[in-house]
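J.: If you scroll down you'll find the structure; I have some questions about it.
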Amino acid sequence: MPPVGAVRMVELLLDAEAERGFSAHRPPGHHATPTRAMGFCLFNNVAVAARYAIDVRGLKRVAVFDWTSTTATAPTTSSTPRPRSCSSRFNESPLYPGSGAAGDAGSDDGEGFTVNLPVPPGTGDEAYRSLADHVVAPLLGEYRPQLVLISAGYDAHREDPLADCLVTEDGFAAMAATVRRAADSVGAPLGCVLEGGYALGALGRSVAATMAALVEGGGGSDPDKVPIEPIAEEARGRLSRWWAGLG
Ligand SMILES: [Zn+2]
């Protein structure tokens, strides 16, 4: 795939010109609201791309998975009718911008389609991988999206100066492989949109590891071997109200 913006990437994915893509955007986008720039972000690239898929291409189900440390601005769920989009979002808590509480699941027809997965400072690969394998992947299997987008920011990396999580490039690669398997299992193309990440060496290595996991089928061990950590167990219980497969 040539260098592309987020909408062009989705266009290529939906036209079956690529199965997977990575849009290396700067500046990042996931905090921007429809009317205002926020948190280093001007335009919400992944949200615009998801809306393109829904409004222009007519998709009925788009999943967005945000593995950054900071909560995305609910990109698509609040303004699209159920169940056109579903977003699952990691966020270190407490951290900017202070939203993304576990109890916030969206409202009205969108209830249950916003899946917040807050993690405490110091969380590393094991818990992130456990949440990806035992919460995000089964959720994707149940939602059956026609397109999967990852808000791929790397501020949860252990070297990042702005956040306090301990994820390594291996952890990001494993999560990418997990999402790749989940997307493959429902026949959905998968695209990543670059978000934040403020330790540049770590950012470069993590993007490379993510791409390798998307392309080569590497980067993930047998999903059966990823233990269910308490944080994933708790999230499954909390979310099973909306997602029977997590019960
Ligand atoms: Zn962010």
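The values are calculated or read from the model by the stated rules, or taken from the named source; none is laboratory data. Keep in mind the model is a prediction, meaning the values are calculated, not measured. As a convention, Cβ positions derive from the backbone with ideal geometry for all residues, glycine included, and neighbour counts pool all protein chains shown. When the accessible area is computed, the model is the full protein with side chains, heavy atoms only, and any ligands, DNA or RNA have been set aside. Shrake-Rupley method; radii C 1.70, N 1.55, O 1.52, S 1.80 Å.
J.: Can you find, among Val48, Gly98, Pro227, the residue farthest towards the positive end of the dipole of the stretch 3-246? Put +1 on the C-beta of Lys and Arg, -1 on that of Asp and Glu.
T.: Val48
J.: Still on this structure, please answer the following. Are there DSSP H segments in the chain that both extend 20 Å or more along their axis (alpha-carbon positions) and score a mean Kyte-Doolittle hydropathy of at least 0.0? List them, or say none. Let's see the in-between values first.
T.: On the way: long enough: 169-185 (24 Å, -0.10); 200-215 (22 Å, 1.49).
Flagged H segments are 200-215.
J.: Using a 1.4 Å probe on the protein chains only, how many percent of the accessible area of the chain belongs to carbon and sulfur? Before the final figure, lay out each step's value.
T.: Working: 5490 of 10060 Å².
Carbon-and-sulfur percentage of accessible area, whole number: 55.
J.: If you count only protein heavy atoms with a 1.4 Å probe, what accessible area per residue comes out for the chain, rounded to a whole Å²?
T.: Working: 10060 Å² over 247 residues.
Ligands and nucleic acids excluded, the figure is 41 Å² per residue.
J.: Kindly state, as a whole number, the per residue volume in cubic angstrom of the convex hull around the alpha carbon atoms of the chain.
T.: Details: hull volume 26.3 nm³, N = 247.
Expressed per residue, the convex hull around the Cα atoms of the chain is 107 Å³.
J.: Let me ask something additional. Counting Lys and Arg as +1 and Asp and Glu as -1, each charge on the Cβ, what is the dipole of the stretch 3-246 about the Cα centre in debye, to the nearest 20? Kindly include the intermediate steps, with their values, before the conclusion.
T.: Working: 21 positive and 29 negative charges, 144 e Å.
With Lys and Arg at +1 and Asp and Glu at -1, about 700 debye.
J.: Sorted by accessible area with a 1.4 angstrom probe, largest first, how do Phe90, Phe40 fall?
T.: Working: Phe90 0, Phe40 130 Å².
Of Phe90, Phe40, the descending order of accessible area is Phe40, Phe90.
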